[in-house]
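First the structure, in the form of structure tokens, and then the observations on it.
The values are calculated or read from the model by the stated rules, or taken from the named source; none is laboratory data. Since the structure is predicted, the reported quantities are computational estimates derived from the model, not experimental observations. All Cβ positions, even for glycine, are placed from backbone atoms using ideal geometry, and neighbour counts span all protein chains on display.
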């Protein structure tokens, strides 16, 4: 079974969003504070285990490793851009005195950057059940991994190590490294959240639409 934890990240990101931001006349939202795992981690895990400079992670958009477990931008990146906000800085990469009024990213690969007690004290449930969504990988054999070996999924080890090389056109794939999605897939999910019916309650109209490619 291929585990998917997108829902947890999105629920946390926008469950808090409507309560922590203040209204202003120029932007629909003033800030985003994101909680989640590797699906929306913009650099917390990489703070402890940096990507090699020649790693293929980030190659599509950033042209270099940017702390994200994908070939480019994540859902949270597209959302920030659409609402005229900067990409969220990773909590562990903040410098002393850095302004976080526009938002910060607490997501951490496999969990969150903050200890579980932080959430327990505030009555927030972050049980493993939030990650229980799954579907049989045998049903999606055409969704071949972009960066891996052969035609199957490579669930262990980072892309770019050993014989796990990226495909020529990541934008034509949904799965990047056997667990995380490509920028192209994240783009579609972000568009569905902002322009479609994937968010409840609906999000405010964005400053700019997410381009199709």
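Quick look at the numbers
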| read-out | value |
| --- | --- |
| Residue check for residue 58: out of contact with any helix residue (DSSP H, G or I) (no Cβ under 9 Å at 6 or more places or on another chain) and either modelled with pLDDT under 90 or surrounded by fewer than 20 Cβ atoms within 10 Å (Cβ to Cβ) (or both) | no |
| Residues being farther than 14 Å from residue 33 by Cβ and either crowded, with 18+ Cβ neighbours inside 10 Å or without any contact (Cβ under 8 Å) to a residue 60 or more places away in the chain (or both) - total across the stretch 79-90 | 2 |
| Residue list for the stretch 61-90, restricted to those being touching a helix residue (DSSP H, G or I) at 6+ places or on another chain (Cβ under 7 Å) and part of a loop (DSSP other than H, G, I, E, B) | 61, 67, 70, 71, 72, 73, 74, 86, 87, 88 |
| Verdict on residue 210 being surrounded by 14 or more Cβ atoms within 10 Å (Cβ to Cβ) and in contact with a strand residue (DSSP E or B) (Cβ under 9 Å, 6 or more places away or on another chain) | no |
| Pair list, Cβ under 7 Å, 6 or more apart: the stretch 91-112 residue at negative phi and in a helix (DSSP H, G or I), other residue surrounded by 13 or more Cβ atoms within 10 Å (Cβ to Cβ) and modelled with pLDDT of 90 or more | 91/44; 91/104; 91/105; 91/106; 92/44; 92/47; 93/43; 93/47 |
| Subset tally (residues that are part of a loop (DSSP other than H, G, I, E, B) and at pLDDT 80 or above) for the stretch 152-189 | 13 |
